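Heads up, the thing below is written out as C-alpha cells.
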Amino acid sequence: MKPISDHQQQLLRRLPGVDALLVRAQSDPHLAPMPKTVLLRAIRDTLADFRRRILEQPDRITDPSLPERHLLAAVAQKADKLQAYNLQRTINATGVVVHTNLGRSCLAAEALDHLLDIAGHYSNLEFDLRIGRRGSRYSAVEDLLCELSGAEAALAVNNNAGAVLLSLDTLARGKEVVISRGELVEIGGAFRIPDVMAKSGAILKEVGTTNRTHLRDYQQAITTDTGLLLKVHTSNYAIVGFTAAVDLKAMVGLGAQFGLPVMEDLGSGNFIDFTRYGLTAEPTVQASVATGIDVVTFSGDKMLGGPQAGLIVGKKAAVERIRANPLTRALRIDKLTLAALEATLRLYRDEAKAVATIPTLRMLLAGRPELEGRARRLAQAIEALAHPDLTVTLLDRPSRVGGGALPTLDLPSCCVAIRMTGMSAAGLEKALRRNRPPIIGRIEDDYFLMDPRTLADEAFDTIAGAIDTIVKGDHQGNIPY
Ligand SMILES: *Cc1c(COP(=O)(O)O)cnc(C)c1O
C-alpha cells in the first residue's frame with residue numbers, strides 16, 4: 001500500500017462529514033423533498049466514492065477546489081438513481097422478439113386497458129354474477145381457451161413451468177412417465193424436464209435415443225408402473241440429420257390402447273398456423289388437441305403474446321383432476337394476469353385482428369421491406385446528429401423469435417449498425433445500456449447493432465438522443481474533483 005501523500009491528505013480533509021452534507025442537501029430544492037433515508041444513503045455512497053478516488057486516482061482529480069458543489073451534484077445523481085424504479089421500461093434493440101430477459105411479450109393495447117380497469121376496481125374475480133354466489137376465477141378464460149383450442153376443458157395457472165409441474169403431479173405422482181431421450185429439455189432459468197419430473201413425484205422413464213425414438217420404444221417401456229406418456233416440444237434446440245420422432249397422434253393411439261393418459265408440453269404454444277405467413281411450422285394448440293390428447297400445456301407470454309401464464313387444455317376428466325389438485329391453489333393465476341390474458345385471448349377470435357394488434361405477432365411477422373424502411377428512418381435520425389466520429393451503416397442481419405421457439409429460424413431483417421471513433425463497440429453497448437431508458441442491442445463485427453423488428457418507431461428519437469449524449473460526453477473519464 002502506497003503511503004498517502006500530502007496532496008491526498010489535503011483532499012481528504014476537505015471532504016465534509018455526513019451531517020454537514022445532509023444539512024446542505026436538505027436546503028437544496030431538488031434534494032429537500034426526498035426521504036431522509038435516501039439522502040443519507042446517497043451521501044454515504046458519494047463520500048465513499050470520493051475517498052476512493054482520492055486514494056486510488058489522485059492524479060485524475062483536476063480541480064481540487066469547491067468540493068461541495070461537486071459533492072452535491074454527485075449526491076443528487078445517486079439520490080435520483082435510488083428514487084427511480086428498479087424495474088424499468090427498456091428499449092429492446094436486440095431483434096429477439098420473445099426475449100425472456102427483457103420481459104418476453106409486450107401486451108396489446110386491449111390487454112393493457114382491461115388490466116388497468118380490473119386492477120383499479122373490484123371485479124367478479126370469484127363471484128358468479130348469475131347466481132350471486134362464489135364463482136371460479138378460471139371461468140374468465142375457460143370458455144375462450146376451449147373455443148380457440150377445441151378442447152373440452154381448460155385452466156390457467158402462473159406459468160407453463162407450473163402447468164407442467166401441476167399436471168405431472170396430478171396425473172403421474174409415484175408413477176413412471178415415458179418420454180423420448182431427445183426431449184429432455186432444459187429451458188433457461190433452470191427449468192429442466194428431469195428436475196420438474198422429480199419435483200412432481202413422477203419417475204422419469206426415458207426411451208429411444210437422442211436422435212431417434214420410435215413408437216415401439218414407448219410401447220416396450222409400458223408396464224403396470226406407467227402413469228403417463230409425455231411429449232415435450234424441443235423448444236430451444238433442434239435435432240437435425242438422421243432423426244425420428246413419434247407423432248402425437250400415434251402416441252395418443254398408444255395411450256388409448258393401454259388406458260394411459262398422454263400429455264404434451266408445447267412450450268411456446270400458439271393458435272396461429274405460422275406457415276401461412278411464411279414462417280416455419282410450429283405446432284398449434286388446436287392441432288395437438290385434435291389428436292384427442294388428454295392434456296396440453298403452453299406459455300401465455302411466448303409466441304401467444306400475452307401475460308406470463310401457464311395454460312392447460314384438454315380432456316374434461318384430466319383437467320378436472322388437475323383443477324382439484326391442492327397445488328393449483330399455490331400456482332394460481334393473479335387477477336391482473338387474468339385480465340390481460342382474457343383480453344389477449346379474445347383478440348385471437350379474429351386472426352387478422354390478433355396479427356394486427358398483438359405486438360409479439362406483429363413483430364414476428366414484420367417483413368423485410370417494412371423493416372428496411374424503418375431501419376432507414378432510425379439511421380436518418382442518428383445521421384441527423386452529424387457527428388464526425390459516428391459511422392452509421394445498414395446491415396442485413398437476421399432477427400430471432402426467442403423464448404425457446406423456432407431456434408433455427410432466421411427472420412430476415414435489416415439492422416442499423418453504428419461505430420464510434422474513440423470508443424469500442426463494447427463501450428458503446430455499455431453506455432447505451434446505462435441510458436435511461438436503457439437501450440439493449442447486440443455487438444457484431446465490432447459494430448453496435450440495432451434491429452428495428454423489436455423497436456417501436458417512438459424509440460428512434462430516444463435512441464438518437466442517447467447516442468448524441470454519449471458522443472458529446474467526456475470519454476476521458478476525468479473527474480473535476
Ligand atoms: C418455455 C418452456 C417452459 C416454461 O414455460 P414458462 O411459461 O416460462 O414457465 C416449459 N416447457 C417448454 C417446452 C418451454 O419451451
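The values are calculated or read from the model by the stated rules, or taken from the named source; none is laboratory data. What you are looking at is a predicted structure, and each value in this text was computed from that prediction instead of being measured. Note: ideal-geometry Cβ built from the backbone for every residue, glycine included; neighbour counts use all protein chains shown. Quick note on the areas: whole protein, heavy atoms, side chains included, nothing else; ligands and nucleic acids left out. Shrake-Rupley method; radii C 1.70, N 1.55, O 1.52, S 1.80 Å.
General observations
- For the stretch 7-28, a residue qualifies if it is in contact (Cβ under 8 Å) with a residue 24 or more places away in the chain and closer than 22 Å to L55 by Cα, and the qualifying residues are H7, Q8, Q10, L11, L12, R14, L15, P16, V18, L21.
- So A84, is it over 19 Å from the mean Cα position of the chain (by Cα), open to solvent by less than 60 Å² (accessible area, probe 1.4 Å) and of a type in the set (A, V, I, L, M, F, W, C): yes
- In the stretch 29-46, residue farthest from A79 (Cα to Cα) [restricted to those that are free of Cβ contacts under 8 Å to residues at least 40 places away in the same chain and assigned to a loop (DSSP other than H, G, I, E, B)]: P29
- Looking only at the stretch 303-345, and only at residues there that are open to solvent by 10 Å² or more (accessible area, probe 1.4 Å) and within 11 Å of the ligand (Cβ to nearest atom), the one that is farthest from D273 (Cα to Cα): L331
- Residue ID - surrounded by the most Cβ atoms within 10 Å (Cβ to Cβ), chosen from residues in the stretch 127-150 that are in contact with a strand residue (DSSP E or B) (Cβ under 6 Å, 6 or more places away or on another chain) and in a loop (DSSP other than H, G, I, E, B): Y138
- Residue within the stretch 198-219 that is within 16 Å of the ligand (Cβ to nearest atom), of a type outside the set (A, V, I, L, M, F, W, C), within 20 Å of P326 (Cα to Cα) and open to solvent by less than 10 Å² (accessible area, probe 1.4 Å) present: yes
- Of everything in the stretch 256-276 that is charged (D, E, K, R) and within 16 Å of the ligand (Cβ to nearest atom), the residue that is nearest to L365 (Cα to Cα) is D265.
- Candidates R329, R321, filtered to the one that is assigned to a helix (DSSP H, G or I), basic (K, R) and either out of contact with any helix residue (DSSP H, G or I) (no Cβ under 9 Å at 6 or more places or on another chain) or assigned by TED's automatic domain parsing to the domain that holds L406 (or both): R329
- The selection criterion, being within 23 Å of the chain's Cα centre (by Cα) and of a type outside the set (G, A, S), holds for N160.
- Matching residues, the stretch 87-99, being open to solvent by 20 Å² or more (accessible area, probe 1.4 Å) and either part of a helix (DSSP H, G or I) or in contact with a Lys or Arg (Cβ under 8 Å, 6 or more places away or on another chain) (or both): Q88, V96
- Remark: pairs (first residue in the stretch 443-467, in the same structural domain as K430 (by TED's automatic domain parsing) and among the polar types (S, T, N, Q); second residue surrounded by 14 or more Cβ atoms within 10 Å (Cβ to Cβ) and in a helix (DSSP H, G or I); Cβ separation under 8 Å; 6+ apart in sequence or on different chains) = T454/M363.
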